[in-house]
Amino acid sequence: MTQEALLQVEQLSKSFGGVKAVQGVSFGVQAGELLALIGPNGAGKTTTFNMVGGQLRPDSGRVLLGGEDLAGLPPRAIWRKGVGRTFQIAQTFASFTVLQNVQMALLSADRRIWQFWPRAAAHRRAEALALLASVEMQAQADRACSELAYGDVKRVELAMALAHAPRLLLMDEPTAGMAPAERVALMQLTRSIARERGMGVLFTEHSMDVVFGQADRVAVLVRGKLLAEGSPQQIRDDERVQQAYLGTGLVLEKHPS
């Protein structure tokens, strides 16, 4: 990479007993960039992803965010350093309204989650509405999350993840369970927000239409090692990737950008 990456993963390794789940994996994510981390089942992508997010402590290697090593820190500490996260199954409060969910995230960002409950409904209301506007959900601010379509719940979760203005956003299978049109719309929105905020995005994904249509770069793991890294077109054309994971027909299929 021609400039210093926002996120720089260096020689990450993790074993479980005698199983080497991740072996010396290195990659970087630039500010404003979407990097897809993909691989077949058992490739080590979830383990790698969880080491970056703090759910797992690496055996060796570094996770640098803006030059600061986060490897081994707990998830809460990593969140405080400017790393947001969304989950494969959306994490929202179903009985709360859309607006209340985002206000809860803002209360957490302000370290006031258990304080001032009588005033919670007014807490940073304008900022919460602005976050909802950024994910195109302001019109549904007063609806309970339980009433929303799943694609809209994922948008609310994205707004919540943005509440503490992260420099890096980790997205674990962000489009799982969504219809094709919803998948593309969510990731196009994420890409637009990342560009606007200068926020890096690292995501895992099984939907190849999302990977090849929305990612700026793709990193492919196989058997715990980084097999290939490059633009979606470079990955489509890489014979090693075709043989090890994707299959020629799927790799060469044209996807909308």
Self-check item: Residue count for the stretch 73-105, restricted to those that are aliphatic (A, V, I, L, M), surrounded by fewer than 21 Cβ atoms within 10 Å (Cβ to Cβ), assigned to a helix (DSSP H, G or I) and within 18 Å of the chain's Cα centre (by Cα)
Solution: 1
Quiz item: Within the stretch 222-257, how many residues are in contact with a Phe, Trp or Tyr (Cβ under 9 Å, 6 or more places away or on another chain), at pLDDT 85 or above and either not in a helix (DSSP H, G or I) or not aliphatic (A, V, I, L, M) (or both)?
Solution: 7
Quiz prompt | Segments classed as strands (runs of 3 or more DSSP E), wholly inside the stretch 1-72, with at least 1 members that are closer than 20 Å to Met208 by Cα | solution = 19-29, 34-38
Quiz item: When only residues in the stretch 141-199 that are under 20 Å from Gly53 (Cβ atoms) and of a type in the set (Val, Ile, Thr) count, which is farthest from the chain's Cα centre (by Cα)?
Solution: Ile193
Quiz item: Which is touching a helix residue (DSSP H, G or I) at 6+ places or on another chain (Cβ under 7 Å), at pLDDT below 90 and of a type in the set (A, V, I, L, M, F, W, C), of Phe87, Phe116, Phe93?
Solution: Phe93
Quiz item: Do we have Leu227 as out of contact with any strand residue (DSSP E or B) (no Cβ under 9 Å at 6 or more places or on another chain), surrounded by fewer than 21 Cβ atoms within 10 Å (Cβ to Cβ) and hydrophobic (A, V, I, L, M, F, W, C) here?
Solution: no
Self-check item: Subset of the stretch 38-63 [among the hydrophobic types (A, V, I, L, M, F, W, C) and touching a Leu at 6+ places or on another chain (Cβ under 6 Å)]
Solution: Ala43, Met51, Val63
Quiz item: Looking at the stretch 3-48, which of the residues that are of a type in the set (Val, Ile, Thr) and in contact (Cβ under 8 Å) with a residue 24 or more places away in the chain is farthest from Arg191 (Cα to Cα)?
Solution: Val22
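In this structure, does Thr48 turn out to be modelled with pLDDT under 95 and crowded, with 19+ Cβ neighbours inside 10 Å?
no
Scan Ser108, Ser134 and give me the residue that is among the small types (Gly, Ala, Ser), farther than 20 Å from Ala36 by Cα, at pLDDT below 95 and within 20 Å of the chain's Cα centre (by Cα).
Result of the check over Ser108, Ser134: Ser108.
The values are calculated or read from the model by the stated rules, or taken from the named source; none is laboratory data. Just so you know, these numbers come straight off a predicted model, no measurement behind them. Cβ atoms come from the backbone with ideal geometry, glycine included; neighbour counts cover every protein chain shown.
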